[in-house]
Every structure is written in C-alpha cells, then in structure tokens.
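Participant: Before I ask anything, let me first share the structure, which is written out below as structure tokens.
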Amino acid sequence: MLKLNEDIFYLILQELKNDRKSLYSCLLVNKLLCQLVITILWKDPYKYLYAKDTQERSRRGKSFNQIILFHLPESSRNFLISEGINIILEQQKLLFDYIKYCQYICYVHESYGLTTHQKRILNQEVIKVFISKCYAIKHLSSTIISEHPIYTFPGANVCLSKLEEIQCLSCSESSSFYGLAQICRSIEKVSLLLFENNPGIAYLIEMQERIKYLNIYVDDNDYGFMNKNESESKKENEENMHERISQALMKHADSILYIMSWIDKSFPFFIFPKFINLQTLKLINSFNIEQSVFEKQLGTASYPNLQVLELSDISLFMATKIIENTNGNLWKVKIQNYDFSNSIEYIQDFNTSSKEYIRAITNHCPNIEYVSLFISNQNLDELKKLLISCQLLEGIDIQTKKTEKRFASKIFIGILVRLAPIGLRKIKIDLKIFTSTTLNLFFNNWRGRKTLLLYPSITLRTVPDTLKKYETEGIVKYCVDNRFWYNDKYKEIEWKIK
C-alpha cells in the first residue's frame, strides 16, 4: 500500500470525528493512526465520554479523571498529599501526553469525599498542568475564570494566546479579565452572562481583533443577594449598567455576524442598529419585558445581510418590522412562544398584524426556506400569495388561532395541495384542527410528491391511525424528533462552552 501523507490521514480521520466507534477501531490499526486518533479524541474528550447507560458513563468518567491525575507532576502530588488529598492511584506511565491535545481545560468532577476547599485545590493543580502542557486552548468557561487566576499560571502566555471562545460572568473579579486581555487577542466567540457592571469584561472585549459571534444573557434580578439599598441603586442605574460593555461591543459592530440574546430591561438596546453586517439574530424575551422598551431601536435597525431570524416571546409586529428592514437574504424565520390570546395584537387586531407579517415574508423573503406562519380564516389569501412567491420553501411551521372556533381546514388543505412549492417537504402543525376526512383528502391529493415529513405541534409517540396507511405508501412520514428546523445545507454556530 502506498504510504499516504500523514496530513491526508489526519483529514480523513477528521471526517470520522462524530463516529466514536470508527475512531476507536482506528486506534488498533498501527502506531501512526493511533497517534492521529488520540489527537482528535483528546481535543474534546467530554464529547466521547457520554454513554446512555448511567453506570457506563460513571465508569468512563472515573477512568478519565484518573488519566488526568496521572499527568500531575510529583511536586503537585506531594502538595496535594500535604493538603490531605491522597486520591491518586499508584503512578502509571502513560502512552501519550494526552492533555497537551486538549482544547478545553478539564475539571476533575469526581468528589472523592473531599471538602469544597480541597476540591478547589485539586482542580487548581489540574488546571496548572493544562496551562503548562496545552499549546492551544481554544475555549474557556466562566467557572475556571471565576475560581482561578489562570492568567498568572506558568505557560499561560502560550496556552491562552490562541483562545477563540470565552464565557464571561459579570460577577467575576475584573482583574481576571484584565489579566486575560494581556494575553488573548484573537477571541471570536464571546458569551456574556450579565448581572452587574464589570469593566474588566469591557476591556477584554476592546482588546480583541475581531469578535464575530455574541451570546448575551442579561438578568436584572438580584435573587436576594443584594441588600435593599444596593437593589434600589441597581434599578436606578439600569439604563447605564452595561454601558461600558456596550461601547466595547460597538468597536466590533462591523465584524459581528451572529447575536443570540436573552434580554431584560437593562439590556443595551441602543447597540442593535450598529450591527449592520449581522447574519443571524436570535432574541429571547423570557422575562416578558414590554415591547416599548426596545421597539424604537430594534424596529428601525437595518440588517441587509440577515439570513436567520429567531424570536421568542416577541410580537409579530416587531418581527414584521425587522423583516421589512432586510434585503432578501433571509432563509429562516422562526417565531416561538407566541401566545395569540396574550399578545398586544390580539387586543388590537390580530388579523391585521398576522396579514402584515405574512405579507412581509412574501415581499421581502424570496429565498425563505423555513418559516413560522400564523394562520386564521382571515389571512388565507395572504398565504396563497406567499406560497406562489416563495418557491424555495422546504418547511412551514403552521400555528393557528386557537380561539377561532371553526378553522377553514378544507380550504387551507386545498391551498396547500394546489400551491405548495415543489420543494416543500416538512410541515409542523397541530393535527387536532383536522378531521379524519380532511386528513384523508389532504394525503390522497399529496400523492406523486416528495414524502411529506409531518411534525405535530403536540407530539404523540404513536402514529395516529389516520396516518398509518399513508406512511406505508410512502406519502407521509410521522416525525417525533426535533429536526424540523434542521437544514444540513447550513452549519449552525456551535457554542462549545454551555
């Protein structure tokens, strides 16, 4: 057999990185493949430790912890023993210096009956080994930053210089972030958990060359940790609480392509119009703050390059405004947790706002592939126009007005059968709005098209009797997984630090 270049072997094995069994089998082929597979497995070791069986998962975790502990130098082991931590089994010689390949700093999670203080000491020694041996840590969690002054550990200048992703907790010491800012300059992914002001985080953001991906969680609740005076002072300064961090983010306004954010009243909404090159916008209003707080800033922002819009607990009115200020590049619009009965549109005129929303999709989203649609008897004409105009549709998430006593399901089915684009293959809908007769009519008329992947809004683990016949014929497939919104043509941004 021709001797292939080592780099080619590595590229081939990289294609198997999500196939644990195949990688394990490659370990036994020869020394070269074994070395290459080890570098892949140890980049993200936690990924390969998972097992459905609890006992097996525990066994793997214990073995992993022991391997980590075997990397500790004699000085660390002696120090731990002096602190009453004598948990390392008889020292074994390792085949590889495994942890030098890690892109994460791994904790020892086993309790070993240690006190909280002892566990902190143990993990600090483990982290020091990672810092001294790893040449390219890519991801850093808030827990490690909060509990250990890692920027002071020997080797930090090399180990952390290629950091790509960081998770920052605002209640951590500012000094930690000031220290990291002297080392890290190429961070592209920043996850912010903001409960209070932290100038160190702002400085760290300012010192980066180009931030592209932003994950922000803002929470104004003090959860009882503050006294009354501190809590009142915090409320008075809500508007300016995160101003320094906001100003730092604005430095990267042109380079930020992705924002996922859980918003609260103190969220710096004034920065939204600055992100002119945004490609993905995900907003979660889980605290149900009033729309008026951010309506002006978000409603007037222009996102000509926006491709993905995901909103949760945010009104159709706001969704419509955002869509109208895009430039035809949206392929996905996902609206979640939208409650017809509690929405401002329901009180004013839901039918009008839902029509305007569908009209915005029709007029501004020629490349739309996946979309949430809110349907009532009054906007079926707008649905017709959308199906005619948006010929790239692959999946539609249909939500109907629950207060509507008699939904015109037969008319709706007729529109779908006549006008659905040829590529439409996924539908998510509440099957309860249809009678068996209507479903039979629909599936009989769907014959000759691609198999329809049907995702019920309320999942029933067993296939409804009405569908069984058509599943056998290959007309429809009843899906109980969570892959409705999945599109293998587009790679979702992966946040390594959860």
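The values are calculated or read from the model by the stated rules, or taken from the named source; none is laboratory data. No experiment lies behind these values; they were computed from the predicted model shown. Cβ: placed from backbone, ideal geometry, glycine included. Neighbour counts: every protein chain shown.
Participant: If you go through segment 47-54 one residue at a time, do you hit one that is surrounded by 15 or more Cβ atoms within 10 Å (Cβ to Cβ), closer than 27 Å to residue 145 by Cβ, of a type outside the set (Gly, Ala, Ser) and modelled with pLDDT of 85 or more?
Facilitator: No - not one qualifying residue is present in segment 47-54.
Participant: Moving on. Name the single residue, out of those in segment 181-224 being outside any loop (DSSP other than H, G, I, E, B) and hydroxyl-bearing (Ser, Thr, Tyr), that is farthest from residue 160 (Cα to Cα).
Facilitator: Taking segment 181-224 first, the residues outside any loop (DSSP other than H, G, I, E, B) are 181, 189-194, 199-206, 213-218.
Next cut, hydroxyl-bearing (Ser, Thr, Tyr) only: 191, 203, 213, 217.
On the way: 191: 17, 203: 17, 213: 19, 217: 24 Å.
For segment 181-224, the residue satisfying everything is 217.
Participant: Can you tell me how many residues within segment 149-180 are part of a helix (DSSP H, G or I) and surrounded by fewer than 16 Cβ atoms within 10 Å (Cβ to Cβ)?
Facilitator: Initially, segment 149-180 is screened for residues part of a helix (DSSP H, G or I), giving 150-152, 156-159, 174-180.
Retained after the next criterion (residues that are surrounded by fewer than 16 Cβ atoms within 10 Å (Cβ to Cβ)): 152, 157-158, 175.
Count: 4.
Participant: Being among the charged types (D, E, K, R) and in contact with a Phe, Trp or Tyr (Cβ under 8 Å, 6 or more places away or on another chain) is the filter here, so list the residues in segment 297-317 that pass it.
Facilitator: Initial filter on segment 297-317 (among the charged types (D, E, K, R)): 310, 313.
Result: 313, single match.
Participant: Considering only segment 1-39, how many residues are within 23 Å of residue 109 (Cα to Cα) and either without any contact (Cβ under 8 Å) to a residue 60 or more places away in the chain or in a loop (DSSP other than H, G, I, E, B) (or both)?
Facilitator: Our first condition is that a residue be within 23 Å of residue 109 (Cα to Cα); within segment 1-39, this holds for 20, 38-39.
Retained after the next criterion (residues that are either without any contact (Cβ under 8 Å) to a residue 60 or more places away in the chain or in a loop (DSSP other than H, G, I, E, B) (or both)): 20.
Count: 1.
Participant: Might you let me know whether segment 58-69 holds any residue that is among the basic types (Lys, Arg) and touching a residue at least 24 places away in the same chain (Cβ under 8 Å)?
Facilitator: Narrowing segment 58-69 to residues among the basic types (Lys, Arg): 59-60, 62.
If we keep only those that are touching a residue at least 24 places away in the same chain (Cβ under 8 Å) as well, we get 62.
Checked against the condition, which is being among the basic types (Lys, Arg) and touching a residue at least 24 places away in the same chain (Cβ under 8 Å), segment 58-69 yields at least one hit.
Participant: Can residue 185 be described as in contact with a His (Cβ under 9 Å, 6 or more places away or on another chain) and either surrounded by fewer than 20 Cβ atoms within 10 Å (Cβ to Cβ) or more than 19 Å from residue 247 (Cβ to Cβ) (or both)? Please lay out each step first, then the result.
Facilitator: Numbers: in contact with a His (Cβ under 9 Å, 6 or more places away or on another chain): no; either surrounded by fewer than 20 Cβ atoms within 10 Å (Cβ to Cβ) or more than 19 Å from residue 247 (Cβ to Cβ) (or both): yes.
So residue 185 does not fit the description; no.
Participant: Which one is nearest to residue 486 (Cα to Cα) among residues in segment 372-409 that are modelled with pLDDT under 95 and among the hydroxyl-bearing types (Ser, Thr, Tyr)?
Facilitator: Applying the filter and picking the extreme gives 400.
Participant: Here is a check on your reading of the model: is residue 312 among the hydroxyl-bearing types (Ser, Thr, Tyr), at pLDDT below 95 and under 25 Å from the mean Cα position of the chain (by Cα)? Show your work before the answer.
Facilitator: On the way: among the hydroxyl-bearing types (Ser, Thr, Tyr): yes; at pLDDT below 95: yes; under 25 Å from the mean Cα position of the chain (by Cα): yes.
Spelling it out, residue 312 is indeed among the hydroxyl-bearing types (Ser, Thr, Tyr), at pLDDT below 95 and under 25 Å from the mean Cα position of the chain (by Cα).
Per-residue answers, yes or no, for (1) touching a Cys at 6+ places or on another chain (Cβ under 6 Å); (2) among the charged types (D, E, K, R); (3) closer than 27 Å to residue 277 by Cβ:
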position: 105; (1), (2), (3): no, no, no
position: 124; (1), (2), (3): no, no, no
position: 131; (1), (2), (3): yes, no, no
position: 143; (1), (2), (3): no, no, no
position: 164; (1), (2), (3): no, yes, yes
position: 170; (1), (2), (3): no, no, yes
position: 178; (1), (2), (3): no, no, no
position: 192; (1), (2), (3): yes, no, yes
position: 209; (1), (2), (3): no, yes, yes
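Residue-wise test of (1) outside any helix (DSSP H, G or I); (2) polar (S, T, N, Q).
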{"position": "51", "(1), (2)": "yes, no"}
{"position": "123", "(1), (2)": "no, yes"}
{"position": "131", "(1), (2)": "no, no"}
{"position": "145", "(1), (2)": "no, no"}
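Participant: Determine which member of the set 385, 405 is without any contact (Cβ under 8 Å) to a residue 40 or more places away in the chain and either among the small types (Gly, Ala, Ser) or in a loop (DSSP other than H, G, I, E, B) (or both). Lay out the reasoning, then the answer.
Facilitator: Details: 385 fails: either among the small types (Gly, Ala, Ser) or in a loop (DSSP other than H, G, I, E, B) (or both).
Matching residue, one of 385, 405: 405.
Participant: Here's another thing I want to ask about it. Among the residues of segment 7-52, how many are in contact with a Leu (Cβ under 7 Å, 6 or more places away or on another chain) and closer than 22 Å to residue 138 by Cβ?
Facilitator: Residues in segment 7-52 being in contact with a Leu (Cβ under 7 Å, 6 or more places away or on another chain) and closer than 22 Å to residue 138 by Cβ: 9 in total.
Participant: Output yes when any residue across segment 336-348 is buried (at least 19 other Cβ atoms within 10 Å of the Cβ) and either modelled with pLDDT of 85 or more or in contact with a Phe, Trp or Tyr (Cβ under 6 Å, 6 or more places away or on another chain) (or both), and no when none is.
Facilitator: no
Participant: So how many residues does segment 55-66 have that are within 17 Å of residue 111 (Cα to Cα), surrounded by fewer than 17 Cβ atoms within 10 Å (Cβ to Cβ), more than 27 Å from the chain's Cα centre (by Cα) and not basic (Lys, Arg)?
Facilitator: Residues that pass the stated criteria total 3.
Participant: Given (1) outside any loop (DSSP other than H, G, I, E, B); (2) modelled with pLDDT of 85 or more, where does residue 103 come up short, assuming only one miss?
Facilitator: (1)
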